[in-house]
1. Let a ≥ b ≥ c be the square roots of the eigenvalues of the Cα gyration tensor of the chain; is it rounded (a/c under 1.5), or, if not, prolate (a/b larger than b/c) or oblate?
2. Stretch ILE103-ASP129 to full length: gain in nm at 0.36 nm per residue minus the Cα-Cα span?
3. For every other residue with a beta carbon closer than 13 angstrom to the beta carbon of ARG168, add +1 if it is Lys or Arg and -1 if Asp or Glu, then tell me the sum.
4. Which FRET efficiency value, to the nearest 0.05, do you get for VAL82 and ASP180 by plugging their Cβ-Cβ distance into 1/(1 + (r/R0)^6) with R0 = 30 Å?
5. At what distance in nm do the modelled label points of ILE159 and ASP141 sit from each other, each positioned 7 Å from its Cα along Cα→Cβ?
6. At 0.36 nm per residue, minus the direct Cα-Cα distance, what do ALA167 and ARG66 gain on full extension? Give it in nm, one decimal, please.
7. Could you grab the relative contact order for the chain? Cα pairs under 8 Å, six or more apart, rounded to a whole percent.
8. Could you line up LYS155, LYS44, LYS123, LYS186 from fewest to most neighbouring Cβ atoms inside 10 Å?
Amino acid sequence: MQVEFHFDFGSPNAYLTHRVIPAIEARTGARFRYVPVLLGGVFKATGNRSPAEAFAGIRNKPDYERLETERFVRRHRIEGFVRNPFFPVNTLQLMRGATAAEIDGGLERYVNAMFHHMWEAPKKLDEPDVLRDALTASGLDAASVMARAQDPVVKAKLIANTDMSVARGAFGSPTFFVGDAIYFGKDRLRDVEEAILGVAQ
């Protein structure tokens, strides 16, 4: 059984999902595979837009979405979540860095660092100097990470991840696959967990 989490650091819901995944892993014994994708590429390929953009002109909808986020945070006892005042942040370099870390075997550490600097101690991470300082503060080799993000192999892998995600049905982040079954959004985590348990039995 394979359980996948297709994510982009620019999605607050992907961050909130990331905070809940360890509890699901502990309860089910499953291990989520983190798959970096470029959300902008997913949107372009599917004609989708971010919720902030899509719902901006709809009365009451943005307020309700904020309410649901607050409920999710309380339900899962998530501490430290801060809305990024620089949102939206261009995540191209961040996701290339994640792809390099996926290739090189250091993805978990990189993911924890970037989610922290995006949604716990929020920064404008699409500015190179800010990103460099954030990487260094997290004990990562900033020069190496930023150089790897320019590697053609890394760039091609992120494109391949994104294209694969869309081909399997993704249209945003967070997206989950349990085997071949697709689930979208942080509010589908209970369904994801039930699917894991169903497959495991």
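FYI, it's all coordinate maths here, none of it is from the lab. Since we're looking at a predicted model, the values are computed, not measured. Quick reminder, even Gly has a Cβ in these numbers, built from the backbone with ideal geometry, and neighbours come from all protein chains shown.
1. rounded
2. Between ILE103 and ASP129, full extension yields an extra 6.9 nm.
3. Net charge around ARG168: -3.
4. 0.25
5. It is 2.7 nm.
6. Net length gain for the segment: 33.3 nm.
7. Across the chain, relative contact order equals 35 percent.
8. LYS44, LYS155, LYS123, LYS186
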